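Comments concern the structure below.
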Amino acid sequence: MTQSRLERTYEEINQKIKQGKAVVVTAEEIVGIVREEGVKKAARKVDVVTTGTFAPMCSSGAFLNIGQSKPLVRTTKTLINNVLAYSGVAAVDCYIGATQTCEDDPLNKRHPGDFNYGGGHVIEDLVAGKTVDVEATSYGTDCYPNRSIHKRMTLSDFNNAILCNPRNAYQNYNCAINRSDKIKYTYMGTLKPNMGNANYSTSGELSPLFNDPYLKTIGVGTRIFLGGAQGYVTWTGTQHKSEVERTPGGTPLTPAGTLAVTGDLKEMSAEWLIGQSIRGYGVSLSVGLGIPIPILNEEMLTYTAVSDEDLFTQVIDYGFDYPEGNSKSFGQVSYAELKSGTIMIKGKKIPTVPLSSMVKARKIADLLKKSIQKGKFLLGQPQHLFTE
């Protein structure tokens, strides 16, 4: 007697979550389960696979409402801890970007291109409960006559604080080397000359979009782990690509999909939003993000069973080629090789350096798993899929 074809719905999985009966495993755990039990048996056993990533995600930021004054004001320039927040969104709203640098940063005066502090650090300070200095100015109008505000504020003092990241969770990214004879300072970290190191920034088999390579379950309204709280996917991220070269299993071989995501900053944690100072580049924000993948059918189970040995990226020279917009590959390497600590390029053994944290990625996947098992995190059925 043959088994009927497996088909699950979001409603069915959520009902099992509410009842505490859902079987949830991480993206690392599912690899071993499939190897031992096979796709068909694993698909009937597992309801949800959790993923995680923690790495610098430069295209991040927050909408903040600093609250009104008496008389009323419409701000045109806002500084938070001396970091400029874009104020062209009317009244007392502003948007602070993660890579916006601090004005008059003393480190930059000593070492141009280096910054101690910026937008990513402001966001971290806010979620850590620290007090920030807010200065805002205006040219004054009849309806908004006030010309300046100066406040000391904590996160709870802001009327609204919304993390709104235009490009997160990159689906694969380059491995960076430097073939020149000079040290290079990049957003991929410090690259030693003559291929002295190789830096990468993806969590491999735990990475969210590697586990749903065609975004068949990820779309507008997908509920995610974001910065330590529940957040949502709002659209594809900037620089999103779907038409790329892929492995037979569907995973991209080059940078591909991205997500725009949002959530309530007031619910988030400094453990999962950490400001970064990147030498010679500027500042950024490391973001913790995880996505639960519903096992609606055997196809989805197959995607989540991908291992580091089956995931590949390209080695790109950030010494000569990248600044000129050339994406020529100097070799293709697997994430298993990258995580081993060394790779071979042109006959040379090169040490690898991860910019993403596997420790934190595993913790996110595990936290998400436990939250679902306890019935505290339900799947958000996407209202629009990007494949439609």
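Phi angles across segment 279-290 convert, under the Karplus curve 6.51 cos²θ - 1.76 cosθ + 1.60 with θ = phi - 60°, into 3J(HN,Hα) values of 4, x, 10, x, 10, 7, 9, 7, 10, x, 9, x Hz, Gly and Pro given as x.
Highest mean packing first, where packing is the average number of other Cβ atoms within 10 Å per residue, the peptides 66-79, 32-45, 252-265 line up as 252-265, 66-79, 32-45. For the chain, the mean residue ellipticity at 222 nm estimated from helices alone is -5000 deg cm²/dmol, where every DSSP H run of n ≥ 4 contributes -39500 (n - 2.57) and the total is divided by all residues, rounded to the nearest 500.
Remark: segment 31-47, residue by residue, has Karplus-estimated 3J(HN,Hα) of 4, x, 4, 5, 5, 7, 10, x, 5, 4, 5, 5, 5, 7, 8, 9, 9 Hz, where x stands for each Gly or Pro and the curve is 6.51 cos²θ - 1.76 cosθ + 1.60 at θ = phi - 60°. Around the amide H of SER242, modelled in the peptide plane, lies no amide H under 5 Å away from a residue 5 or more places distant or on another chain. Taking all C-alpha pairs of the chain, those more than 28 Å from each other amount to 50 percent.
The H on the amide N of LEU311, modeled in the peptide plane, is under 5 Å from the matching H of TYR335, ALA336, each at least 5 residues off or on a different chain. If only the Cβ of Lys and Arg carry +1 and only the Cβ of Asp and Glu carry -1, the dipole of segment 180-230 around its Cα centre is close to 140 debye. Each Cα pair of segment 23-74 feeds into the Kirkwood radius, which the Stokes-Einstein equation turns, at 20 °C and 1.002 mPa s, into a diffusion coefficient of 140 µm²/s.
Distance between the C-alpha centres of segment 1-72 and segment 147-216: 22 Å, rounded to the whole angstrom. With contacts taken as Cα pairs under 8 Å at a separation of at least 6 residues, segment 269-348 carries a relative contact order of 19 percent. With R₀ set to 56 Å, the beta-carbon distance separating ARG44 from LYS348 gives a calculated FRET efficiency near 0.75. Seen from a random direction on average, the alpha-carbon convex hull of segment 53-169 projects onto 7.8 square nanometres. In order along segment 156-172, phi translates into HN-Hα couplings of 5, 7, 6, 4, 9, 8, 10, 5, 9, 9, x, 8, 10, 6, 3, 8, 6 Hz, rounded to whole numbers, per the Karplus curve 6.51 cos²θ - 1.76 cosθ + 1.60 with θ = phi - 60° and x for Gly and Pro.
Net charge dipole, segment 212-369: roughly 400 debye, given to the nearest 20, about the Cα centre with Cβ charges of +1 for Lys and Arg and -1 for Asp and Glu. A straight chain from LEU72 to HIS384 at 0.36 nm per residue would run longer than the Cα-Cα distance by 108.3 nm. Placing +1 on each Lys and Arg Cβ and -1 on each Asp and Glu Cβ, with no other charges, gives the chain a dipole about its Cα centre of roughly 480 debye.
Overall form of segment 216-297: oblate. Here a/c, set by the Cα gyration tensor axes a ≥ b ≥ c, is 1.5 or more, and a/b is not larger than b/c. Convex hull volume per residue, computed on the Cα atoms of segment 244-283, equals 157 Å³. Remark: the ASN159-VAL23 segment gains 45.0 nm on full extension, using 0.36 nm per residue and subtracting the alpha carbon distance. Between ASP142 and LYS374, the modelled labels are 5.7 nm apart [label points 7 Å from Cα along Cα→Cβ].
Out of every Cα-Cα pair that segment 143-190 contains, those further apart than 13 angstrom amount to 78 percent.
Taking trypsin sites (Lys or Arg not before Pro) across segment 216-259, the ones in a DSSP loop with at most 16 further Cβ atoms lying within 10 angstrom of their Cβ are LYS241. Taking 0.36 nm per residue of sequence separation and removing the Cα-Cα distance, the LYS130/MET358 pair yields an extension gain of 79.3 nm. For THR202, what residues show an amide H to amide H distance below 5 Å, using hydrogens built from the backbone and excluding near sequence neighbours? Under 5 Å from the amide H of THR202: LEU355, SER356.
Computed from the coordinates by the stated procedures, all read-outs in this text should not be read as laboratory data. Everything numeric here is computed off the predicted structure, so don't read it as measured data. Please note: Cβ atoms are built from the backbone with ideal geometry, for glycine as well, and neighbour counts cover all protein chains shown.
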